Amino acid sequence: MQIAERMGRLGTETAFDVLARAGALQAAGRSIINLGIGQPDFRTPDHIVEAGRKALADGHHGYTPANGIPALREAVVADIATYRRCKVDPDAIVVVPGGKVTMFFAALMFGEPGAEILYPNPGFPIYESAIKFSGATPVPIPLYEETGFSFDAEEVLAKITPRTRLVMLNSPANPTGGVVPRETFDRLAEGLEAHPHVAIMSDEIYSRLLYEGREHVTMLDYPALRDRVIVLDGWSKTYAMTGWRIGYGVWPESLAAHATRLAINCNSCVNAPTQHAALAALTGPQDSVETMRRTFDERRKLIVPALNRIEGVTCVDSAGAFYAMPNITGTGLDARTMQDGLLEEAGVAAIAGTSFGAYGEGYLRLSYAASTEEIEESIARIERWLKERAAAAA
Ligand code: PLP
């Protein structure tokens, strides 16, 4: 057999490897606290589950329109009007099996050999993977701890060349928990006006998970760019629906048909009961979203100061999503050594910053989508493990 060369360019998400290893260790009787995986530790709210169950009972078993059932696309439009105060057309919405699919479609649509695509680093690992798979050259946008893991708008603009096709952005961000300030987005948007050949894909999947009074800035809010902005969002993080597999893209008018055609070629549609559940999520009560957000906020207030109390570790405040990104350079360990040591010896699953790109060296990602007891115990284990290592080296 000879598989295509492009398969060698496809990356992965280390979080799934760590999850598998943590599972194997647990099966062997070890106590492992999992701060590795990025998903809410809540059940999908009951009324959403019930809507999915009802859809099955009511006979919603067939194909739906490839871009999603009209009622769901209308509900997305209403949601965008409420939470982003932007007007979009239902035909701009393409419902897909998870947030990830929109980024993959965007990479396939714009990427090819000779093209360049900018993406945040450290960032969600699938950005770089999908760009490489498309044949395009990935151009990292460094994120800086000193600015709460924001990017420097001038630096991004300076990286744009005639070959640049697409800029990927993500705020609130995985893995850093960073939230890019409005002034930075404003400056970037203003500069992008001079580069009409460049499209923008803004991954806003954590838009409802913000703390410290931070506001969500959407790229839909820049009228001069609207005809080349793709917004990625979905239900996974906001409604604890990671396993249902549903997300959506807001596409410019000129691209929605292309995205729908990719969906027709790839997945036909999202399964019908999940679409009905997603509709209930958007149109039903939103109190569970706020309850989850408040709970994450309490855990954030626990984990960030606790990390800062560990010798050799510092951690900037996480303003969004549910991740803390401690700087571990003071421990003298590189990220991968610490990831492996914590998992194998301390019983804590965390992800090396380097799993999110080269600029993640010197950092770990800890998900605080875990109980306060688990967070407290994992901090104690990390501290103990570091002390034991230091004592053994002395
Ligand atoms: N975008 C970011 C930044 C994420 O962190 C994730 C999941 O971890 C996704 C997209 C993908 O979400 P989904 O599970 O809906 O595909």
37 °C / 0.692 mPa s Stokes-Einstein diffusion coefficient of the chain, Kirkwood radius on C-alpha pairs, µm²/s: 152 µm²/s
Cut-off 15 Å between beta-carbons: net charge of the residues surrounding Val95, Lys and Arg +1, Asp and Glu -1: -1
Extension gain, Glu146 back to Arg43 (0.36 nm per residue minus Cα-Cα distance, nm): 33.5 nm
Could you calculate the FRET efficiency of Asp287 with Asp186 from 1/(1 + (r/R0)^6), where r is the beta carbon distance between them and R0 is 35 Å, rounded to 0.05? 0.60
Rounded to the nearest 0.05, FRET efficiency between Glu50 and Ala81 (Cβ-Cβ, R0 25 Å) equals 0.45
To the nearest 10 square angstrom, what accessible area does Arg163 show with a 1.4 Å probe? 120 Å²
If the cut-off is 19 Å between C-alpha atoms, which aspartates and glutamates fall inside it for Lys301, apart from same-chain ones fewer than 8 positions away? Asp41, Glu145, Glu212, Glu215, Glu290, Glu311, Asp317, Glu373, Glu374, Glu376, Glu377, Glu383
How big is the charge dipole of region 72-202 about its Cα centre, in debye rounded to the nearest 20, if each Lys and Arg gets +1 on its Cβ and each Asp and Glu gets -1 on its Cβ? 340 debye
Give, in nm to one decimal, the length gained when the segment between Lys387 and Thr314 is fully stretched (0.36 nm per residue of separation minus the Cα-Cα distance). 24.7 nm
Give me the accessible area of Thr372, 1.4 Å probe, in Å² rounded to the nearest 10. 50 Å²
Which of Phe42, Gly8, Ala78 sits farthest toward the positive end of the charge dipole of region 1-93, with +1 on the Cβ of Lys and Arg and -1 on the Cβ of Asp and Glu? Gly8
Two pseudo-spin positions, 7 Å from Cα along C-beta at Lys301 and at Glu344, lie apart in nanometres by 3.9 nm
Only bridges with both residues in region 98-165 count here: give the DSSP antiparallel percent, nearest 5. 10 percent
Rough spin-label spacing in nm, given labels placed 7 Å along Cα→Cβ, for Glu193 and Lys159: 2.4 nm
By DSSP, what percent of the beta bridges with both residues in the chain are antiparallel, rounded to the nearest 5? 45 percent
For region 62-283, give me the percentage of DSSP beta bridges that are antiparallel, rounded to the nearest 5 percent. 35 percent
Quick calc: nm separation of the 7 Å Cα→Cβ label points for Glu376 and Met7 -> 5.0 nm
Taking 24 Å as the cut-off for C-alpha to C-alpha distance, list the pairs among Lys132/Lys159; Lys100/Lys132; Lys237/Lys387 that go past it. Lys237/Lys387
Quick one: length gained pulling Ser254 to Thr337 fully straight, 0.36 nm per residue minus the C-alpha distance? 25.2 nm
Roughly how many debye, to the nearest 20, is the charge dipole of region 62-283 about its Cα centre, given +1 on each Lys and Arg Cβ, -1 on each Asp and Glu Cβ, and no other charges? 680 debye
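The values are calculated or read from the model by the stated rules, or taken from the named source; none is laboratory data. All values derive from a computational prediction rather than experimental measurement. So basically every Cβ, Gly included, is an ideal-geometry build from the backbone, and we count neighbours across all protein chains shown. The area values use the complete protein model at the heavy-atom level, side chains included, leaving out ligands, DNA and RNA. Shrake-Rupley method; radii C 1.70, N 1.55, O 1.52, S 1.80 Å.
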